[in-house]
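Written out below as C-alpha cells is the structure these notes cover.
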Amino acid sequence: MNFDLHTLSLAQWAVLAAGAFFLGLSKTGLPGAGILAIPFIAAVIPAKASTGLVLPMLIVGDLFAVAWYRRHAVWSHLIRLLPYAILGILIGWKIMSRITDAQLRPLIGIIILVLLGLHVWRSRSAAEAPVPKSHWVPASLGLGAGITTMLANAAGPIMTIYLMTMRLPKAAFIGTGAWYFLIVNVLKVPLSAQMGLINPASLKINLALCPLIILGALLGIRIANRLPEKLFGRFVLALAALGALKLIL
C-alpha cells in the first residue's frame, strides 16, 4: 500500500518522527530503544507497509553506527550467525507473501512480547550463565533473528540475547550488532521492494524523517555513557510492551 506525505495526519507524523528518533538513538549507543519505535509505527501505518517504511530508516541508523563503531566488530561471531540469518530472512519473506495486514499486526505484537520476555530473562541470567560453545546457539538465534527481522524489523532483542551470551564488552557489542544489522537490512531491501513495501511514496516519507534519525544517532553517541542504562532499559521495555499489546488488542 502506498502512502503520500499529504495523507498523514499531524498525530501520525508525530508518531513517525518519534519512531525515527528512537531508531537513530538505538543504533549508536542505546540498544533496545529501537524496539520502542516498531509497534507504534505499525499502529498508525498498515503492518506490512510499516516494515517497508522502517527498513530504510534502519539502514540510515546502521550507517552511522558502523561509521562510529566499525573497528570494534567481532567478525567471528558475525560469520557464525549470518548464514542462518540469511536463511531466516528468506523464510520470513515466503511467510510474508502469504499473510494479510490483519494477521500481521497481532503477529508483530506477539513476536515483540515474546522477544521482550526472552530479553528480560536472559538479562537476569546472563551473569551466571556460561558462554555457550554449542553450534545450536548461533543457528537457532540467527534463524529466529532472520525470520523476525523480515516479518517485523524486530530482531533487536534476539541479537541482544546473542551478544550478551557471547559476553562482549560494550564497544564490541555495539560494533558487532551494527555490522550485522547493516548487512541483513541491505539484503532485505530487494525483497521488500519486490513486494511493493518500499516504493517512491514511502521513500519520500523516509527522506522527510531522515533528520530525526540523524539527530537520534548523534545524540545516542553523546549520551550513551551518561544515561543510567538500567533505568532507561526498563522504561523502553515497558513502552515497547504497551505498544505490542496495542497491536494485539
- Could you give the nm distance between label points at residue 75 and residue 242, where each point is 7 Å from its Cα heading toward the beta carbon? 4.4
- Task: With label points built 7 Å along Cα→Cβ from the Cα atoms of residue 226 and residue 99, find their separation and express it in nm.
- Result: 4.0
- With bins of 10 Å, the percent of all Cα-Cα pairs of the stretch 5-248 per bin from 0 is 8, 35, 40, 15, 2, 0
- Which FRET efficiency, nearest 0.05, do residue 110 and residue 170 yield, Cβ-Cβ r, R0 30 Å? 0.45
- Task: Please report 40, 181 as a ranked list, fewest other C-beta atoms within 10 angstrom at the top and most at the bottom.
- Result: 40, 181
- Item | Stretch gain in nm, segment residue 204-residue 67, where the contour uses 0.36 nm per residue and the Cα spacing is subtracted | 46.9 nm
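Each reported figure results from applying straightforward, stated rules to the coordinates on display, with no laboratory input. None of the values given here were measured: they were computed from a predicted structure. We place every Cβ from the backbone using ideal geometry, glycine too, and count neighbours over all the protein chains shown.
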